[in-house]
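Step one of this worksheet: look at the structure below.
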Amino acid sequence: MATQVQTKRLVRDYTLSTTHAAPNNTNNTTSYLDIGSGPFNPEEITVEIVVPAITGHTTTNNLQIQLYTSATTSGAAITNPLIECDVVGVGGTGSVATTFYYKLPPGTQRYVAWHMIATSDDCSAATVTFSLLL
């Protein structure tokens, strides 16, 4: 009987990684990462989002993290979010550390950025890391 081993891509290019402070009862957007126009499909690229525990995230409102894509680095060219990840707040203790993995969807354009929304909590003490794993 063969042993099945789960694997994931762990090759990290730090030029394709960014860190950004979570918002304080507002929203903000990371800088753009350029995935290039190489001979690959965007859906071959894995996204890793690492959110640390946030003690100030004590309401049941979600910290929303949305993937945006654009053909340019101009904010005016941002299309609707392609993917949304939610970090759930926990009353009294704050949210737990969370890591999200997903593939870029088909049709992803050259530049990607993430938009974070915290509607009622101060999550700014946390720094979220966004990486593209190749």
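Since every read-out is calculated from the coordinates, none of them should be taken as a lab result. Computed from a prediction, not measured in an experiment: that's the story for all the values here. Please note: Cβ atoms are built from the backbone with ideal geometry, for glycine as well, and neighbour counts cover all protein chains shown.
The stretch between residue 55 and residue 80 holds 6.0 nm of extra length on full extension. This uses 0.36 nm per residue minus the Cα-Cα distance. Here are labelled values, [x] 13, 37, 30, 14, 4, 1; [y] 11, 38, 28, 12, 8, 4, 0; [z] 12, 41, 30, 13, 3, 0, and one is the computed P(r) over Cα pairs in 10 Å bins from 0, in percent for what I pasted. Which one? The calculated read-out lines up with [z]. By the count of other C-beta atoms within 10 Å, a proxy for reagent exposure, 12, 110 are ordered fewest to most as 12, 110.
Modelled this way, with points 7 Å down the Cα-to-C-beta line, the labels at residue 31 and residue 15 are 1.3 nm from one another.
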